[in-house]
Ligand SMILES: CC(C)(COP(=O)(O)OP(=O)(O)OC[C@H]1O[C@@H](n2cnc3c(N)ncnc32)[C@H](O)[C@@H]1OP(=O)(O)O)[C@@H](O)C(=O)NCCC(=O)NCCS
């Protein structure tokens, strides 16, 4: 077995297919309730990043050429975010550890003090990262909504249940340019009240970053849908919800962020915009089966709204972190 750096941007189609097959073997064993990945825009998904960010990838390959594992390190501003997976048939032979060593060496070369990783609860990754000294920094719950089980009549009442003085807008593809500054301001205003996670996912707190992040989503095959609540008296954005439908997994939408600006809380905004989003998705994406979202365990108001909409808690999503120097020492890499 050999670990080598790999560039999905220039990889052959056959190589990408092999990586996709390996990923789907892993999904079938670790998260069998999740849909398999499809090849549409898989290359773009793996290779495109936000301007200023870099993703390095590695493959673990058997002498026969068979792919045993895949790893990547996304260099964000002050943390390296890693992803790592090994096909079920090759596990417990230290393939994962060899991939982690490659990642840790690069993280040190790039000057990162720490690396973070999102780990799915109830999978071997939890034991693996804990065995390598990673510490759990943040836990969220993934919630799933089966669109076949939605009570659309009740949902219609929820979508209409917003206080007077607010207007709901729907923007497939992303908010219009004219909203960029207000949209980013709403995110910034809500940021202070968000629980302090590791920020392993990109955020858009100014108009330029928002523009870049929308362009990156589209380039990776992730189609954004936005529903906003506008406070009519001040013409500001009081709340927003963002969903992405990936070309690689078109039956499952990811609900990224739902924000209520603190001064507009208590007016039924989250419930109404999330309900409206489900109607829009049903119309725009007829192939969609379910929607997944992630919530901090202590975010009571949003958990309550999700429960009313029919979301069901599914699995823990845990963020782990390790100090790079300590990690290298433990790995003797
Ligand atoms: C986590 C993962 C990468 C580990 O790969 P691996 O090659 O089996 O790991 P290693 O053999 O290097 O294990 C190193 C150490 O981690 C720990 N470990 C790994 N798997 C473990 C398990 N199933 N149970 C207990 N400990 C485990 C052990 O301490 C192990 O050392 P040991 O075998 O000498 O006791 C692999 O199980 C995997 O790909 N999991 C799924 C990834 C994922 O998130 N999938 C879902 C999204 S696609």
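The values are calculated or read from the model by the stated rules, or taken from the named source; none is laboratory data. Quick caveat: nothing in here was measured; it's all calculated off a predicted structure. Note that we place each Cβ from the backbone using ideal geometry, even for glycine, and neighbour counts take in every protein chain shown.
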Worksheet item: Among all residue pairs at least 6 apart or on different chains, which show Cβ distances below 6 Å where the first residue, located in region 124-140, is in the same structural domain as residue 29 (by TED's automatic domain parsing) and the second is within 6 Å of the ligand (Cβ to nearest atom)?
Response: 128/96
Worksheet item: Can residue 257 be described as surrounded by fewer than 21 Cβ atoms within 10 Å (Cβ to Cβ) and more than 15 Å from the chain's Cα centre (by Cα)?
Response: no
Item to complete: From (1) without any contact (Cβ under 8 Å) to a residue 60 or more places away in the chain; (2) within 21 Å of the chain's Cα centre (by Cα), pick out the condition that doesn't hold for residue 288.
Response: (1)
Response to the item:
Note on region 40-62: residues within 16 Å of the ligand (Cβ to nearest atom) and touching a helix residue (DSSP H, G or I) at 6+ places or on another chain (Cβ under 6 Å) are 42, 58, 60
